[in-house]
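> Provided herewith is a single structure, encoded as C-alpha cells, for subsequent inquiry.
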Amino acid sequence: MLRTHFANCNQMAFLSGPRQVGKTTTCRAYKRSHIYINWDNDNDRLLILKGPRALIENIGSSDSSVIVFDEIHKYPDWKNYIKGFYDSYAKGHFQVIITGSSRFDVYRKGADSLMGRYFLYRMHPVSVGEIIYKSFPRNKIRKPAKISNGEYETLLSYGGFPEPFIRKNKRFYNKWKYLRKQLLFREDIRDLTRIQEISQVQVLAELILLQAAQICNYVSFARKIRASENSIRKWISTLESLYYCFTIRPWSKNISRSLVKEPKIYLWDWSVISDKSARYENFIASHLLKAVNWWQDNGFGDFGLYYLRTKDKREVDFLITKDNLPWFLVEVKSSDCKLSKHLEYFQDRTGAKHAFQVVIEKDFQNKDCFSFSYPVAVPATTFLSQLV
C-alpha cells in the first residue's frame with residue numbers, strides 16, 4: 001500500500017486503524033531505514049513541542065527519506081504542526097507517514113489546513129483474501145482461491161487482529177482482549193475526548209456487544225444507561241472514531257430519509273461476540289467494510305455499505321453501492337438453506353447486478369461468484385476470497 005502510494009503520489013500518507021491492527025509494523029516494514037517519532041514517547045513529545053525546525057535539526061545528517069509520526073493526533077495543534085513541517089521542510093525531501101488509532105477523518109470538520117497534502121488509508125484486521133494472497137489486488141475483485149479450514153476457523157474464533165490470530169492461544173487471547181478494552185477506556189477516551197462519564201460509556205459498549213448486528217436503538221440505550229439520547233449518539237460516535245464499533249445505515253434513493261433512520265451496529269472485533277449468528281453477520285460486515293474502504297482509498301470510485309429493510313420487514317443484510325448505484329446484495333446464512341426470496345425482491349427493485357446468499361459453513365467452490373447475475377448461494381470462503 002505504502003509503496004504504491006509513494007510511487008504515484010507526493011502527498012503524505014495517513015494510515016489510521018484500531019489499536020494493535022499492525023499500523024506501526026506496516027510502516028516500519030515499508031523501509032528498513034526510517035525515522036520514527038512517537039507522541040507517546042516522552043523524548044519525542046518534547047521534540048515535537050519545540051517545533052518543526054527543532055525536529056529537522058535533530059534529524060541532522062540522517063540519510064533516511066522516510067519519517068513516521070505515530071499517534072501525533074493526540075497533540076491538540078497537530079494539524080498546524082504537520083502543515084508547517086511538511087510545507088517548510090518535508091515536501092520534496094521526505095516521505096511522510098502519519099499513523100493513529102483514532103479516525104483522522106473526524107478532524108475534517110470545518111476548514112482543513114491539510115487539505116490536498118495527504119491521502120487517507122484505513123487499515124483493517126486480517127481478512128480471508130489477505131490470508132490467501134498476502135498482498136493487495138490490482139483490481140476490485142480477485143479470482144477465487146481456497147483458504148485452509150484451520151485458518152478460516154481461527155479467523156472466525158480469534159478475530160483478525162494479528163497477535164491473537166497468529167498465536168491461536170485461548171489464554172493469550174483472553175488477556176489480549178481484556179487489555180485492549182482497558183486501553184480503550186483508560187487511555188483513548190481519556191486522552192482524546194472530553195467525556196467525563198467514562199463508566200456510562202463502558203456500559204454502553206457492553207450493551208453494543210450484546211446487540212451487535214442489530215438495529216441501533218438509541219432510545220433503549222438511553223433508558224438503560226439513564227442518559228440522554230443525544231449523549232448516547234455522541235458516545236457511539238466516539239466509540240466509532242476509536243474503532244470499537246461501526247454503523248451501517250439503511251439505503252434509500254432519498255439520502256435524507258436514509259440519514260435519519262436508525263443504523264445497524266457492528267464491532268471491529270467480531271471474535272468477542274458470543275451469539276454465533278450475530279458473529280457470522282459481523283464477520284461478513286467487517287470484510288465488506290474493509291473492501292469498501294480499500295476501493296475508496298485506492299481510487300476505484302465512490303463506494304458505500306448499507307442494509308435494506310422495508311416497513312413490512314423484508315430485509316437483506318447488506319447492499320454495496322458503486323458511485324451511488326446499487327452493485328451487489330449480500331444475505332448472510334450460517335448453513336446451506338433455501339435461497340431467501342428477499343434477494344430477488346430487492347435485486348429487482350434496486351437493479352443491483354449481483355445478489356449473494358453468503359453461507360458461512362458451506363464448503364469452498366472454485367467458481368467466480370461475480371459471474372452470476374441472478375440470486376445465488378455461495379460459500380463464504382469463496383466469496384470473501386474475491387475481496388481484499
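> What Rg and what Dmax come out for segment 49-132 when only alpha-carbon atoms are used, in angstroms?
14.9, 46
> Continuing with this model, one more query. Size of segment 276-388 along its principal axes in angstrom, Cα-based, largest extent first?
Between the extreme Cα coordinates on each principal axis of segment 276-388 lie 37, 33, 27 Å.
> Students often get this wrong, so check it: of Lys50/Lys79; Lys224/Lys313; Lys140/Lys276; Lys313/Lys341, which have C-alpha atoms separated by over 20 Å?
Details: Lys50/Lys79 15 Å; Lys224/Lys313 26 Å; Lys140/Lys276 29 Å; Lys313/Lys341 13 Å.
Check vs 20 Å cut-off fails for Lys224/Lys313; Lys140/Lys276.
> Shifting gears a bit: Quick one: the Cα spread of the chain along its three principal axes, in angstroms, biggest first?
The Cα atoms of the chain stretch 67, 50, 47 Å along the principal axes, largest first.
> Restricting to Cα pairs below 8 Å that are 6+ residues apart, what does the relative contact order work out to for segment 28-108? Please round to a whole percent. Provide the component values of the computation, followed by the final result.
On the way: 82 pairs, mean separation 26.8, N = 81.
Across segment 28-108, relative contact order equals 33 percent.
> For the chain, what does the relative contact order come out to in percent, with C-alpha contacts under 8 Å and a separation of six or more?
Details: 607 pairs, mean separation 58.9, N = 388.
Worked out over the chain, it gives 15 percent.
> OK, next. Looking at segment 128-385, what % of its DSSP beta bridges pair antiparallel, to the nearest 5?
Roughly 60 percent of the beta bridges in segment 128-385 run antiparallel, per DSSP.
> To continue, here is another question. Helix-derived [θ] at 222 nm for the chain: sum -39500 (n - 2.57) over DSSP H runs of at least 4, divide by residue count, nearest 500?
On the way: 17 runs with 157 residues, N = 388.
The helix contribution divided over the chain gives -11500 deg cm²/dmol.
> Is segment 150-309 best put as rounded, prolate or oblate by its Cα gyration tensor, with a ≥ b ≥ c the root eigenvalues, rounded for a/c under 1.5, and otherwise prolate when a/b is larger than b/c, oblate when not? Mind dumping the intermediate values first?
Values: a/c = 1.64, a/b = 1.09, b/c = 1.50.
Because a/c hits 1.5 or more and a/b fails to exceed b/c, segment 150-309 counts as oblate.
> Would you list Asp297, Asp312 from fewest to most Cβ contacts within 10 Å?
Details: Asp297 18, Asp312 6.
Ascending number of Cβ neighbours within 10 Å: Asp312, Asp297.
> Mind listing P(r) for segment 22-82? All alpha-carbon pairs, 10 Å bins, whole percents.
Each 10 Å bin holds this share of Cα pairs: 21, 53, 26, 0.
> So if I take the alpha carbon set of segment 90-223, get Rg, then get Rh from the Kirkwood formula, what is the Rg over Rh ratio?
Details: Rg = 19.3 Å, Rh = 19.0 Å.
A ratio of 1.02.
> Sort the following peptides by mean Cβ neighbour count (other Cβ atoms within 10 Å, averaged over residues), highest first: 373-382, 218-227.
On the way: 373-382: 19.2, 218-227: 14.9.
Per-residue mean Cβ counts within 10 Å order the peptides as 373-382, 218-227.
> Here's another thing I want to ask about it. Can you check what the Kirkwood hydrodynamic radius comes to for segment 260-305, Cα pairs only, in Å to one decimal? Working shown, then result.
On the way: mean 1/r = 0.0848 Å⁻¹.
Averaging 1/r across every pair of different Cα atoms and inverting gives 11.8 Å.
> To continue, here is another question. Just the Cα atoms of segment 28-179, one point each, no solvent: what log10 I(q)/I(0) does Debye give at q = 0.10, 0.13, 0.17 Å⁻¹?
Scattering profile of segment 28-179, log10 relative to I(0): -0.52, -0.81, -1.08.
> Now for a separate question. If segment 201-245 were replaced by its equivalent ellipsoid, with semi-axes equal to the square roots of 5 times the Cα gyration tensor eigenvalues, what would those be, largest first, whole Å? Show your work: numbers first, answer last.
Working: eigenvalues 42, 31, 17 Å².
Here the semi-axes work out to 14, 12, 9 Å.
> Right, next: Quick one: Cα centre-to-centre distance for segment 110-164 and segment 291-329, in angstrom?
Centre-to-centre distance over Cα atoms comes out at 18 Å.
> If each Cα of segment 160-234 is one equal point scatterer, what is log10 of I(q)/I(0) from the Debye formula at q = 0.24 Å⁻¹?
The Debye formula, applied to the Cα set alone, gives -1.10.
> With 10 angstrom as the radius, rank Met1, Met123, Met12, Met115 by how many other C-beta atoms surround their C-beta, starting from the fewest.
Values: Met1 16, Met123 19, Met12 25, Met115 9.
Ranked by crowding around the Cβ, least crowded first: Met115, Met1, Met123, Met12.
We did not get these values from a lab; they are worked out from the coordinates using the rules stated. Just so it is clear, the structure is predicted and the values come from calculations on it, not from any experiment. All Cβ positions, glycine included, derive from the backbone under ideal geometry; neighbour counts span all protein chains shown.
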